[in-house]
Amino acid sequence: MTEHQFVLVHGSWHDGSLWGPVAERLRELGHAAETPTIAGHGKDVDKAVTHEDCVRSIVEAITRPDLSDVVLVGHSFGGTIIAKVAEQIPERIRRLVFWNAFVLQDGNSLNDEVPPQYVGLFEELAAGSDDNTVMLPWPIWREVFINDADEALARSAYEKLSPEPYQPFTAKLDLKAFYGLQTPRSYLNCTEDISLPPGEWGWHPRFSSRLGLCRLVQMPGSHEAIFTNPRLLAEKLVEAGRD
């Protein structure tokens, strides 16, 4: 089996450490795995970051240790990061894997691609915060993000989350270069992921279909399989990431 270098890029409200059990399973399977934290993410850090700052932090996580042939995985908001990283260092990327991740249309922001009720909620929460951040409300987390967990796991996972910098949600991204790349790409879809409501706002096929020639891999689970089924998630990332 070919060993691959995975770089796992987390989504909103998460930090790199939350990939721990997934990365551990990837290593058991013979792969290398790095789990950088995006700038401005995690507990007790400066939240005044732009989308460019977020992207730069992941570019540096790949270039500083001189990683190459990277299978670059982005979860959720992380999809907006890996697309821009691939524009900047395409020669280092072997394959892109979007796991229930945003694939924005050129010129759009993340907020342009989520239902209006989410945008209204995010605006309200950011305005009410001291530092232009958004914390995901518990009921939304419990019902539509981690719908396959029992309450105890949902609670313990929620306690690991941290407020999300809001500017990156509103940044309009020029993705013309991304859409010109020939980098192989895969979309991993969890079939019970209802964090975006299924239908016109759903993850798949809405975002996967924007990737052109693209491998589709699916698994049962919610948006938060990182907590509820990390071993299977790792195995499916291998399926999505292999040549």
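Computed over segment 35-85, the convex hull of the alpha-carbon atoms projects to a mean area of 3.7 nm². Counting only protein heavy atoms and a 1.4 Å probe, segment 41-199 has 42 square angstrom of accessible area per residue. Shape descriptor for segment 126-212: Rg over Rh equals 1.03 (Cα atoms; Rh from the Kirkwood inverse mean 1/r). Over segment 39-154, with a single point scatterer placed on each C-alpha, what log10 of the ratio I(q)/I(0) does the Debye formula yield at q = 0.11, 0.13, 0.16 1/Å? Log-scaled intensity ratios, in q order: -0.46, -0.64, -0.94. Counting only heavy atoms of the protein chains and using a 1.4 Å probe, W201 has close to 70 Å² of accessible surface. Straight-line cross-link reach from K172 at under 21 Å between alpha-carbon atoms covers these lysines, not counting any fewer than eight positions away in the same chain: K47, K84.
In this structure K43 has an accessible area near 110 Å², from a 1.4 Å probe over the protein heavy atoms.
What percent does the relative contact order of the chain come to when contacts are Cα pairs within less than 8 Å and at least six residues apart? Once normalised by length, the contact order is 24 percent. If you take all other residues with their beta carbon under 12 Å from the beta carbon of A39, and give Lys and Arg +1 and Asp and Glu -1, the sum is -3. In segment 66-207, the portion of solvent-accessible area held by carbon and sulfur atoms comes to 51 percent [1.4 Å probe, whole percent, DNA, RNA and ligands not counted]. The antiparallel fraction among DSSP beta bridges confined to the chain stands at about 10%.
The orientation-averaged projection of the convex hull spanning the C-alpha atoms of segment 1-69 amounts to 5.1 square nanometres.
In the chain, the DSSP-assigned H stretches of four residues or longer account for a calculated mean residue ellipticity at 222 nm of -9000 deg cm²/dmol, using -39500 (n - 2.57) per stretch and the full residue count as denominator. The three principal axes of the Cα atoms in the chain give end-to-end lengths of 48, 39, 36 Å, sorted in falling order. Accessible surface for L125 stands near 60 Å², nearest 10, in the context of the full protein assembly shown (1.4 Å probe).
The values are calculated or read from the model by the stated rules, or taken from the named source; none is laboratory data. Please read all numbers here as calculations on a predicted model, not as lab measurements. In this analysis, Cβ positions are derived from the backbone assuming ideal geometry, glycine residues included, and neighbour counts consider all displayed protein chains. Surface accessibility is based on the protein's heavy atoms, side chains included, excluding ligands, DNA and RNA. Shrake-Rupley method; radii C 1.70, N 1.55, O 1.52, S 1.80 Å.
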